[in-house]
1. Need the failing condition index for residue 148 against (1) in a helix (DSSP H, G or I); (2) buried (at least 16 other Cβ atoms within 10 Å of the Cβ), just the number.
2. Kindly indicate which of 200, 208 is touching a Lys or Arg at 6+ places or on another chain (Cβ under 9 Å), of a type in the set (A, V, I, L, M) and either under 19 Å from residue 98 (Cβ atoms) or modelled with pLDDT under 95 (or both).
3. Could you identify the single residue in 102, 95 that is of a type outside the set (A, V, I, L, M), closer than 30 Å to residue 175 by Cα and either modelled with pLDDT under 95 or in a helix (DSSP H, G or I) (or both)?
4. Taking the criterion of being on the phi > 0 side of the Ramachandran plot, without any contact (Cβ under 8 Å) to a residue 40 or more places away in the chain and buried (at least 19 other Cβ atoms within 10 Å of the Cβ), would at least one residue in segment 49-60 satisfy it?
5. If you take the residues in segment 43-53 that are farther than 14 Å from residue 96 by Cα and modelled with pLDDT of 90 or more, which one is farthest from the chain's Cα centre (by Cα)?
6. Somewhere in segment 157-170, is a residue touching a Phe, Trp or Tyr at 6+ places or on another chain (Cβ under 6 Å) and either touching a residue at least 12 places away in the same chain (Cβ under 8 Å) or within 30 Å of residue 92 (Cβ to Cβ) (or both)?
7. Going through 210, 170 one at a time, which residue ends up being among the polar types (S, T, N, Q), farther than 19 Å from residue 108 by Cβ and under 22 Å from the mean Cα position of the chain (by Cα)?
8. Which condition breaks for residue 185 when tested against (1) farther than 30 Å from residue 59 by Cβ; (2) of a type in the set (S, T, N, Q); (3) modelled with pLDDT of 90 or more; (4) crowded, with 18+ Cβ neighbours inside 10 Å?
Amino acid sequence: MTTIFAIPPTVRRKALAALAAISCLIVTSQSAGVAAGAAQAGDHGSYVLMRGGTQRSVMSGSTDDLRRARALRAGREGLLYVRQGGAAYVIRDAETLRRAEEIFAPQQALGARQAELGSRQAALGSRQAALGGEQARLASWQANASPGRAEALARQQAELGGRQDALGRQQDALGREQDALGREQERLSRQADTRLRALVTEAIQRGVAQRAD
């Protein structure tokens, strides 16, 4: 009897998900920024922190917020644009910008870990996809193979299936680690939001936050 092995749908899904993982972790500011909590921007306000001397930014908000922050920026100066409580402010004070950078440092470090993990997931996904291609070729050969040849191909399929299972277990472990990092990123985002609001309130009181309505 000729046995034909099909690529399991779960293998296809894991491979495609892993290949997509790295793109999901790409930072989406002009050069390399971190977008945190954009879905909650309407409740907690928005901010854009633009680092001096670079095109990098950290933000939570809309593309309109980013556009307004860029319009307020002179050259590549450091700048913090904030919209909260129905008012918009721009802050250029060096000390305030330094403290804002410190607020977001833990998130950025964690983001780097997530990106590295995403790269590992993508690499595993590529290996899974390659094995899937081999399995598909073997399956096509089995369709018209002699009984003896089909049996040899079935053994090869079993060996490939074992390798796929091992890669799948690695992929699952990386996925659990990525989930844990995601939960930690959410916690850090909430913490950063609270600290930033306090920093902006202080900047307003010190008179270093200018209205930008």
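1. Evaluating residue 148 over (1) in a helix (DSSP H, G or I); (2) buried (at least 16 other Cβ atoms within 10 Å of the Cβ) leaves (2) as the failure.
2. 208
3. Every option except 102 fails the conditions.
4. no
5. Restricting to residues being farther than 14 Å from residue 96 by Cα and modelled with pLDDT of 90 or more, the top hit is 53.
6. The answer is yes, given that some residue of segment 157-170 is touching a Phe, Trp or Tyr at 6+ places or on another chain (Cβ under 6 Å) and either touching a residue at least 12 places away in the same chain (Cβ under 8 Å) or within 30 Å of residue 92 (Cβ to Cβ) (or both).
7. 170 is the lone residue from the list that is among the polar types (S, T, N, Q), farther than 19 Å from residue 108 by Cβ and under 22 Å from the mean Cα position of the chain (by Cα).
8. (1)
The values are calculated or read from the model by the stated rules, or taken from the named source; none is laboratory data. None of the values given here were measured: they were computed from a predicted structure. FYI the Cβ positions are ideal-geometry reconstructions off the backbone, even for glycines, and counts take in every protein chain you see.
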